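Below is one structure; the comments refer to it alone.
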Amino acid sequence: MADYIRVADIAEIPDPGKTLVEVDGDMVAIFHVEGVFYAIDDVCTHDGGPLADGELRDHKIACPRHGAKFDIRTGAALSMPAVRSTRAHDVKVEHGGVWVRLRAEAVAGGPPLHGTLAAPPAASALPVTTSAATVTPVTAVGSTVAAGDAGPLCEDRVREMLKDVKDPELFVNIVDLGLIYGVTLSPSSDVPGRQHVAIDMTMTSPACPAGPQLIADTKRCVAASPEVAAVEVRIVMEPPWTPDRMTDAGRDQLGIF
Ligand code: FES
């Protein structure tokens with residue numbers, strides 16, 4: 001196990017207050033709250049945001065990028081879009097200084113935000129900005145929206161279909177997560193009588209590990225309709241996703257009020 005390393009004088013960090021230090025090459029956020037010091041990685045597990053730059057309230061630090069909150073005592077993720085703990089480290093006060101000993105991995109207590117989290121799929125990250133449009137011809141099935149049971153194909157019906165596609169970490173569908181920015185239908189030039197469906201979709205972060213899976217599931221889901229000739233998914237990162245884009249239903253599922 002690593003040794004404790006002196007990182008600051010006690011007097012350097014007000015109460016309440018925080019500072020950023022480097023410990024053995026790792027950036028660590030140090031907090032001082034109600035007379036006690038805490039240390040966690042300066043890394044938001046959603047997409048690497050710098051936690052030491054966030055707003056500290058009681059024992060919670062809010063990531064300055066998309067607002068995920070972490071418990072500074074344990075590193076536990078308290079609100080989405082972060083769902084995994086960040087590393088918390090051992091801290092002691094001795095000889096007028098604050099000392100930190102790095103832990104090998106996150107050991108934060110408390111349950112995950114919702115149920116058992118799936119391991120992130122080993123998939124390549126998405127580019128930061130892209131119009132990665134690809135067209136999928138109709139081949140697959142899987143939607144619960146039956147053909148012809150709700151009138152002609154329209155944007156609202158496509159959005160209903162897309163509620164079958166769930167984020168594998170958050171277990172909330174992509175419509176209620178606010179990931180669908182737009183749906184455009186146009187007559188197919190290849191298959192008379194069918195529609196070409198273009199979907200503008202974002203991710204909760206540019207490097208979302210679930211991105212490739214979400215794109216594939218989106219295509220499969222919409223391509224299941226016999227009225228669809230092809231599905232095009234365009235990934236857009238502007239404007240960036242924020243939790244404000246979620247519907248009330250999505251917030252309810254994640255326990256956000
Ligand atoms: S990087 Fe922290 S909430 Fe997105």
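Every number in this text was worked out from the coordinates using simple rules, so none of it is lab data. All values reported here derive from a predicted model rather than from experimental measurement. Every residue, glycine as well, gets a Cβ built from its backbone with ideal geometry; the counts of neighbours run over all protein chains shown.
Would you grab the residues whose amide H sits under 5 Å from the one on ILE5? Only those 5+ places off in sequence or on another chain, please, with H modelled 1.01 Å from N.
When sequence neighbours closer than 5 places are left aside, the close amide H contacts are VAL100, ARG101.
Given R₀ = 51 Å, FRET efficiency for GLU232-MET27 by Cβ-Cβ distance, to 0.05?
Details: r = 41 Å, r/R0 = 0.80.
Approximately 0.80, to the nearest 0.05.
If R₀ is 41 angstrom, what is the calculated FRET efficiency for the pair CYS154 and ARG57, using the beta carbon separation as r and rounding to 0.05?
On the way: r = 44 Å, r/R0 = 1.08.
The calculated FRET efficiency here is 0.40.
Can you pull out the GluC sites (Glu not before Pro) in the stretch 1-61 whose DSSP state is coil and whose Cβ has at most 11 other Cβ atoms within 10 Å? Please report the intermediate quantities before stating the final value.
On the way: sites: GLU12, GLU22, GLU34, GLU55; in loops: GLU34.
Passing sites in the stretch 1-61 are GLU34.
Please enumerate, by chain and number, the lysines with C-alpha under 28 Å from the C-alpha of LYS18, excluding those fewer than 8 residues away in the same chain.
Cross-link targets: LYS60, LYS69, LYS92.
Ignoring solvent entirely, what values of log10 I(q)/I(0) come out of the Debye formula for the stretch 5-101 at 0.10, 0.16 Å⁻¹ when each Cα is a single scatterer?
The computed values of log10 I(q)/I(0) come out as -0.22, -0.56.
Considering every pair of different Cα atoms, what Kirkwood radius, in Å, is found for the stretch 134-254?
14.5
Mind checking which lysines have their Cα closer than 19 Å to the Cα of LYS219? Skip sequence neighbours fewer than 8 apart in that chain.
Correct list for LYS219: LYS163, LYS166.
So what's the convex hull volume per residue for the Cα atoms of the stretch 198-257, in Å³?
107
What does the charge add up to near LEU78, with Lys and Arg as +1, Asp and Glu as -1, over the other residues with Cβ less than 15 Å from its Cβ?
With Lys, Arg at +1 and Asp, Glu at -1, the neighbours total +3.
Counting only residues 5 or more places away or on other chains, whose amide H sits under 5 Å from the amide H of VAL165 once H atoms are built in the peptide plane?
Amide H to amide H, under 5 Å and 5 or more residues apart or across chains, VAL165 pairs with ILE174.
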